[in-house]
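Q: I'd like to ask you about the structure that follows.
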Amino acid sequence: MTGAAGMLGLDVLRAGERAGHELIGLDLPEIDITDPASVEGALQRVAPDAVLNCAALTDVDAQESKRELAQAVNGDGAGNLARAAAAAGVPLVHVSTDYVFSGEAPHDAAGKPRPYLESDPTGPRSVYGETKLAGEQQVLAASPRHTVARTAWLFGVGGRNFVETMLTLSCERDAVQVVVDQEGCPTWSGHLAPALLGLIERGVCGLVHLAGSGHVSWNGFAREIFRQAEVECRVEEASSAEMARPAPRPAWSALESEREDVLPLPPWQDGVAGYLAARAGMMRA
Ligand SMILES: NC(=O)c1ccc[n+]([C@@H]2O[C@H](COP(=O)([O-])OP(=O)(O)OC[C@H]3O[C@@H](n4cnc5c(N)ncnc54)[C@H](OP(=O)(O)O)[C@@H]3O)[C@@H](O)[C@H]2O)c1
């Protein structure tokens, strides 16, 4: 598994151990996915039965001014792994993002916004989204046995994330301003990690959507975090225009799977509960 020192990678290592897999986690400097020789060398050393790629550049705003680097890691780096895995005859599961979509919600027959499905057209609006889409295309082109799993709004105890930011701010302020006009699927990496291993175990190939069930705005997400954590902090409404960031975010990026072989993740609210329990466990340890 690559990206082993990252937020998702750390939960994949835990999930692999719990499931009894012999999982070998690599990150920089043991492997640099931008370097085909480094990737091939690592695959020869480890000789895995399957590869799971959690390595990426994930600072969405920083990448607006670093297109070449973002393409090298998120686009061609994913491709290097996919081609090397195909040459070694093993499947690759690669993690991608809801930011490959434009944010213009598709509508159901009743005219209501509906989650994006695997068959919906992409239309990234940020360098991060564009380069992650390029990575998806290279992975799927390298082998029909490879898998691209799109997820969204990830939070886990092993990295910087929105839940932790909200809890930190609530210690410093009486109120926080959070956007109401971006809607998506918060996903706990403690739910996603075993599901990714499940894709490998069950041989699920191609493009899949795998995110916390249900959807909510960042504002609603913050309210639920404070409710469950029993924290007194007002959540005020803000717009994306007021909270302008270098990279545009999709206004709507709820994900759902239309595939029968994809098992849905638990509701995102259960992910918040799981995260808070895991965090409390770490603080006690
Ligand atoms: N975070 C989210 O909200 C979110 C949402 C949707 C999808 N995703 C996707 O989920 C996956 C995991 O995200 P995450 O939040 O766990 O990311 P993360 O915490 O940033 O971890 C990514 C890891 O990849 C490593 N890496 C970077 N460049 C590399 C290279 N050239 N070769 C090898 N390793 C390299 C990073 O090392 P350094 O720290 O040294 O750079 C880091 O340890 C990514 O594919 C991401 O696009 C994330």
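The values are calculated or read from the model by the stated rules, or taken from the named source; none is laboratory data. If you're wondering where the values come from, they're calculated on a predicted model, not measured in any experiment. As a convention, Cβ positions derive from the backbone with ideal geometry for all residues, glycine included, and neighbour counts pool all protein chains shown. Only protein heavy atoms, including side chains, enter the accessible area calculation; ligands, DNA and RNA are left aside. Shrake-Rupley method; radii C 1.70, N 1.55, O 1.52, S 1.80 Å.
Q: Only one residue in 70, 78, 86 is in contact with a Leu (Cβ under 9 Å, 6 or more places away or on another chain), assigned to a helix (DSSP H, G or I), open to solvent by less than 60 Å² (accessible area, probe 1.4 Å) and away from the ligand (no atom under 16 Å from the Cβ). Which one?
A: Selected residue: 86, the only one of 70, 78, 86 that is in contact with a Leu (Cβ under 9 Å, 6 or more places away or on another chain), assigned to a helix (DSSP H, G or I), open to solvent by less than 60 Å² (accessible area, probe 1.4 Å) and away from the ligand (no atom under 16 Å from the Cβ).
Q: Exactly one of these conditions fails for residue 102: (1) more than 10 Å from the ligand (Cβ to nearest atom); (2) open to solvent by 30 Å² or more (accessible area, probe 1.4 Å); (3) polar (S, T, N, Q). Give me its number.
A: Here residue 102 clears every test but (2).
Q: It is to be established whether one or more residues within the range 146-155 are open to solvent by 60 Å² or more (accessible area, probe 1.4 Å) and farther than 17 Å from residue 250 by Cβ.
A: Scanning the range 146-155, I find no residue that is open to solvent by 60 Å² or more (accessible area, probe 1.4 Å) and farther than 17 Å from residue 250 by Cβ, so the answer is no.
Q: Based on what the data block shows, is residue 150 outside any helix (DSSP H, G or I), out of contact with any Ser or Thr (no Cβ under 7 Å at 6 or more places or on another chain) and charged (D, E, K, R)? It would help to see each step written out before you state the result.
A: Numbers: outside any helix (DSSP H, G or I): yes; out of contact with any Ser or Thr (no Cβ under 7 Å at 6 or more places or on another chain): no; charged (D, E, K, R): yes.
In short, no.
Q: Please enumerate the residues belonging to the range 6-59 that are open to solvent by 70 Å² or more (accessible area, probe 1.4 Å), under 22 Å from residue 192 (Cα atoms) and in a loop (DSSP other than H, G, I, E, B).
A: Scanning the range 6-59 gives 21, 22, 24, 49, 58, 59.
Q: For the range 151-178, enumerate the residues that are within 15 Å of the ligand (Cβ to nearest atom) and either touching a helix residue (DSSP H, G or I) at 6+ places or on another chain (Cβ under 6 Å) or among the hydroxyl-bearing types (Ser, Thr, Tyr) (or both).
A: Listed by number, the residues that qualify are 151, 152, 154, 155, 156, 157, 158, 159, 163, 165, 166.
Q: In addition: Taking the stated definitions as given, is residue 260 open to solvent by 40 Å² or more (accessible area, probe 1.4 Å) and either part of a loop (DSSP other than H, G, I, E, B) or of a type outside the set (Val, Ile, Thr) (or both)?
A: yes
Q: Sticking with this one: Only one of (1) open to solvent by less than 20 Å² (accessible area, probe 1.4 Å); (2) within 22 Å of residue 211 (Cβ to Cβ); (3) in contact (Cβ under 8 Å) with a residue 60 or more places away in the chain; (4) not aromatic (Phe, Trp, Tyr) fails for residue 119. Which number is that?
A: Checking residue 119 against (1) open to solvent by less than 20 Å² (accessible area, probe 1.4 Å); (2) within 22 Å of residue 211 (Cβ to Cβ); (3) in contact (Cβ under 8 Å) with a residue 60 or more places away in the chain; (4) not aromatic (Phe, Trp, Tyr), the one that fails is (1).
Q: Would you be able to say whether some residue in the range 195-210 is touching a Gly at 6+ places or on another chain (Cβ under 9 Å) and surrounded by fewer than 18 Cβ atoms within 10 Å (Cβ to Cβ)? Before you say what the answer is, go through the steps one by one.
A: Keep residues of the range 195-210 that are touching a Gly at 6+ places or on another chain (Cβ under 9 Å), which gives 197, 204.
Checking which are surrounded by fewer than 18 Cβ atoms within 10 Å (Cβ to Cβ) leaves us with none.
The answer is no; no qualifying residue exists.
Q: In this structure, does residue 242 turn out to be open to solvent by 80 Å² or more (accessible area, probe 1.4 Å) and in contact with a Cys (Cβ under 9 Å, 6 or more places away or on another chain)?
A: In short, no.
Q: Residue 189: touching an Asp or Glu at 6+ places or on another chain (Cβ under 7 Å), within 16 Å of the ligand (Cβ to nearest atom) and open to solvent by less than 10 Å² (accessible area, probe 1.4 Å), yes or no?
A: Here the answer is yes, as residue 189 does meet what is asked.
Q: If you check every pair at least six apart or on different chains, which have Cβ atoms under 7 Å apart with a residue in the range 85-103 that is under 21 Å from residue 182 (Cβ atoms) first and a residue that is open to solvent by 30 Å² or more (accessible area, probe 1.4 Å) and among the small types (Gly, Ala, Ser) second?
A: Within 7 Å, the pairs are 103/251.
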